[in-house]
């Protein structure tokens, strides 16, 4: 093993550990996003964009729901409208809808929040709100459901959903 290979292998181990733990510090994110940390760990433009999206300095308007108490506190008692995406890790359509929904919600600059709720972890909440298929997105304002999307839909439908959710009616 040459002397350049050794630091590269160490860098790869660090990158793998970062991704496994999903705990990003601002410095590690800047290094990963720039590609200077370990160029072989970030090979495609899509991967670089993904890493940059994880490492933005502005606060994200999306979060994950852990349990009923978390849902009650962050969704039902929220001071802003919240779009709740019911999804599962194994769900292909959920993976298609999620990034598009997050992008459109982020464009509201914090007027609308996005909560992600894994139905495998919070089946009781999915049953309580009548979620029979995923992806399902429920729009909450003042603790009440005001809008609903079921399945993968086009960007215009998502925009209309978010606009209706953010408007005072």
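Structure notes:
- Filter result for the condition that a residue is more than 17 Å from residue 63 (Cβ to Cβ) and surrounded by 15 or more Cβ atoms within 10 Å (Cβ to Cβ), over 157, 108, 136: 136
- Residues in the range 127-167 that are in contact with a helix residue (DSSP H, G or I) (Cβ under 6 Å, 6 or more places away or on another chain), part of a loop (DSSP other than H, G, I, E, B) and more than 16 Å from residue 97 (Cβ to Cβ): 143 alone.
The numbers here are math on the coordinates, done by the rules we state, and not lab data. Treat the numbers as computed from the prediction; the structure is a model and nothing was measured. Cβ atoms come from the backbone with ideal geometry, glycine included; neighbour counts cover every protein chain shown.
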